[in-house]
1. Before we move on, is residue 235 closer than 20 Å to residue 81 by Cα, hydroxyl-bearing (Ser, Thr, Tyr), crowded, with 21+ Cβ neighbours inside 10 Å and in contact (Cβ under 8 Å) with a residue 24 or more places away in the chain?
2. Do we have any residue at all in region 372-394 that's at pLDDT 95 or above, closer than 30 Å to residue 308 by Cα and not assigned by TED's automatic domain parsing to the domain that holds residue 50?
3. Please work out which residue is nearest to the chain's Cα centre (by Cα), limiting yourself to region 225-243 and to residues that are under 13 Å from residue 200 (Cβ atoms) and in a strand (DSSP E or B).
4. Considering each residue of region 59-84, count those that are surrounded by 11 or more Cβ atoms within 10 Å (Cβ to Cβ) and of a type in the set (S, T, N, Q), and give that number.
5. Residue by residue through region 199-222, note down the ones that are charged (D, E, K, R), touching a strand residue (DSSP E or B) at 6+ places or on another chain (Cβ under 9 Å) and under 17 Å from residue 235 (Cβ atoms).
6. Tell me, yes or no, whether region 171-179 has at least one residue that is within 30 Å of residue 396 (Cα to Cα) and not polar (S, T, N, Q).
7. Residue under question is residue 175, and the condition is that it be surrounded by 17 or more Cβ atoms within 10 Å (Cβ to Cβ) and either without any contact (Cβ under 8 Å) to a residue 60 or more places away in the chain or within 22 Å of the chain's Cα centre (by Cα) (or both); does it hold?
8. Out of 193, 176, report the one residue that is under 14 Å from residue 263 (Cβ atoms) and either at pLDDT below 95 or touching a helix residue (DSSP H, G or I) at 6+ places or on another chain (Cβ under 8 Å) (or both).
Amino acid sequence: MAEKYQVVIIGGGPGGYLAALRAGSLGLKTALIEKDTLGGVCLNHGCIPAKVLTHGAALYRRLQTAGEFGINFKGLEFNYPQLQQKKKAVVGELVGHIGEMMKNNSIDVFYGIARALSSNLVSVCMSSGEDVNLKTENIILATGSDEIYPPTPGIDQPGIMTSREALALENLPKTMVVIGGGVIAIEMASIFMGFGVKVTIAHRSERLLRRMDLEMVRRLSTYLRKNGLEIMMNSPIKVIEKDQKGYRLTVNGRQGEEIVEAESVLLAVGRKPAFGDQNLEALGVAYESSGIRVNSRMETSVPGIYAVGDATYPGYFLAHAAYHQGIAAAENIAGSEAHFDGSTVPSCLFTDPELACVGLSEEEAKEKGFENLKIGKFPFSANGKASTQSESEGAVKIISAGEDEKIIGVHILGSHASDLIQEGTLAVAKGVTAADLAELIHPHPTLCESVWEAAMAINKTSLHITRR
């Protein structure tokens, strides 16, 4: 006889496991089905492993320049396999913590391949080999996303990596070509550059990071190039060939056909929604290749079936967006009125320096025709805390609109941008004005004072900057 639940969640990544925890905390009898390891790609093969390596690369870079603070190292060495062990330990600890939280919230976890047969029945082919049927009142689809493979000849050759394999490398190559120009591509390039790998980015488009503010992207590109990154724009790959030294890429560059050779190739052109072998048509769930259609309550076109995370449209492909979508779905199943607002989802790029943004870019604001558009900027080079840490690269950019000068976009390039952006998220989400933010007392000396100064710059009143 099938066990009965109030909600069955398919997928144990960020959206799925947060939905399970919230459902459990609300007293719903909950089952979570995961085909691999709790935490999904983000925790096991993406966000968390990447940030361990990012921190290692940044720390290594800082130690190399520690002499200006009177700290001198003799024979400074870097052990990459040891860093990989640290990464595995962090991931293992966090996965174990999720498992403990599942037990504490009385959530039944099933490991295997799940298929929703209807809005009230889920079949699970368990990893142990047995088949289990779960009756349920509601289903949450949290099936995640897959890597995009472009139709480039030679892209499927053995040894060509995605970010998953790159993050698991035990030994560093001397040279690497990264194919792509989005968040994953730039983060991966920044990581391996930090360890001394000669990295070249080959991107088919005319700009990097198309969802971020163009001015800030150009600033970041300048810093990355200064640190050794070679960037080839408008350069689609014609063919990839393997030879004794590694790989030979024929690139249609701006000056015609070029040959680029590298010891390793990393494919990072983006991700696409994955539906986890669900027969969505049979279920009656409306979807397209761009994702499952949901409303702000995370409901699909079928009553009782919800969807969250990377599998939904529009795709944010961000763990924190999936978190809040999962929470909203669970709360609605429990009888609350919860909505997910995607207009104020912050985005963070964990390069060195970091780039983070929320709301509209300058280009988007102009395209949408906002009136009385004003922009305030403040460089970290004029910030006291940044100077004390020798981390003065970057700037804060705030965009306001309307007669009341409400903040509609915040963009931060610099040290700890991913932490600083939350003040911008609050400002955009709550309709804070530039004057409100400028009046808020910020502690000194801190990096967040740059946000304060950028808000004052909306009306040309920033103080710690030289004017001409």
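1. Criteria not met by residue 235.
2. No, there is no match, as no residue in region 372-394 is at pLDDT 95 or above, closer than 30 Å to residue 308 by Cα and not assigned by TED's automatic domain parsing to the domain that holds residue 50.
3. Ranking the qualifying residues of region 225-243, first place goes to 231.
4. Adding up the residues that qualify gives 2.
5. The one that is charged (D, E, K, R), touching a strand residue (DSSP E or B) at 6+ places or on another chain (Cβ under 9 Å) and under 17 Å from residue 235 (Cβ atoms): 204.
6. Within region 171-179, one or more residues are within 30 Å of residue 396 (Cα to Cα) and not polar (S, T, N, Q).
7. Against the criterion (surrounded by 17 or more Cβ atoms within 10 Å (Cβ to Cβ) and either without any contact (Cβ under 8 Å) to a residue 60 or more places away in the chain or within 22 Å of the chain's Cα centre (by Cα) (or both)), residue 175 does not qualify.
8. 176 is the lone residue from the list that is under 14 Å from residue 263 (Cβ atoms) and either at pLDDT below 95 or touching a helix residue (DSSP H, G or I) at 6+ places or on another chain (Cβ under 8 Å) (or both).
The values are calculated or read from the model by the stated rules, or taken from the named source; none is laboratory data. Values in this document were obtained by computation on a predicted structure and should not be read as measured data. Reconstructed Cβ throughout: ideal geometry from the backbone, glycine too, with neighbour counts over all protein chains shown.
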